1. Quick check on packing: order 271-283, 207-219 by the mean number of other C-beta atoms within 10 Å, highest mean leading.
2. Largest first and in whole Å, what are the equivalent-ellipsoid semi-axes of the stretch 92-220 based on the Cα gyration tensor, each being the root of 5 times an eigenvalue?
3. Using only the alpha-carbon atoms, how far is helix 57-82 inclined from the longest principal axis of the chain? Give it as 0 to 90 degrees, nearest 10.
4. Quick one: which of 35-42, 247-254 comes out on top by average Cβ neighbours within 10 Å, and what's the full order, highest first?
5. For the chain, find the longest principal axis of its Cα atoms and tell me its angle to the long axis of helix 309-332, 0 to 90°, nearest 10.
6. How do the peptides 306-314, 93-101 rank, highest first, by the average count of neighbouring beta carbon atoms within 10 Å per residue?
7. In degrees between 0 and 90, to the nearest 10, how far off the longest principal axis of the chain does helix 23-33 point, with axes built from Cα atoms?
8. If you split all Cα-Cα distances of the stretch 234-336 into 10 Å bins from zero, what percentages do you get per bin, shortest first?
């Protein structure tokens, strides 16, 4: 009887455990998601120490309302900058829509009709910008710069360079109303932020916007409706600018051709500071919200410290330069350079 032949038992090689990402990689990932959270906390702490009455509930409520108002055009501008473009006419749109809304109310028409007219004016400005950029092939900088001049001129002609004073309770509610104890602008900002996040990250339109910003020519060759998407984004900015103009006019209870001077800088600044790349292809909706909070916290704190408005504008400009520098550094430094576990 032959001996049983047994084959040697081999143990399969054990798979090496996955290497955990380095602390540098995790830190950069977290900061890339919400890059403004640490500086925002630091600025709040600094003003809590230096500025009187900064941490009072009334003052913090004012900061929140101011940030909520500027967030609305910032959300639309986020889509535009994600697309690799921007709109310089939003401040002039604020002036024209506010003037139209207040004039219609002053002339005895209903507030609802005035609000609809203001929104339509903003929509028309946005669509006009989109058509000039897409159909005439004018670069966005030149097209919206020209639009800024034209729309600002129309606002001054429409008002005869005079303030349009109104006293309308419904209009005032848009800026000062508090349903359920919550300021109405804050409710609007929260709703629009959630909607913007859904559109940007969960819909085909949002993916198209990012694709156009990454490579417009490739997006066109892929069959995407590039021109229609661009016109739609400019239309959204026009409507957002109209909402901005209506709310600011509601706060002041007046329309003016001089309203909104420099507002385009604020709308662009909160987007870029929030982490949306000027090169396009990447959006940060929550970053835009934090950018609005950061700018308004700085502005409010400097006001409490009696810093002149000119220096406040300088601080916003410096903050914008810093954000652009950070973006440039992030493009040059590869992710692996921060990974301290790399072999």
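1. 271-283, 207-219
2. With the √(5λ) rule applied to the stretch 92-220, the semi-axes are 31, 24, 10 Å.
3. Orientation of helix 57-82: about 70 degrees from the principal axis.
4. Final packing ranking: 247-254, 35-42.
5. 20 degrees
6. 93-101, 306-314
7. With rounding to tens, the tilt is 30 degrees.
8. Per 10 Å bin, starting at 0, the Cα pair percentages come out as 13, 38, 35, 12, 2, 0.
Quick note: the coordinates plus some simple rules give every number you see, no bench work behind them. Note that the coordinates shown come from a computational prediction; the quantities given were computed from them, not determined experimentally. Neighbour counts run over all protein chains shown; Cβ positions are idealised from the backbone, glycine included.
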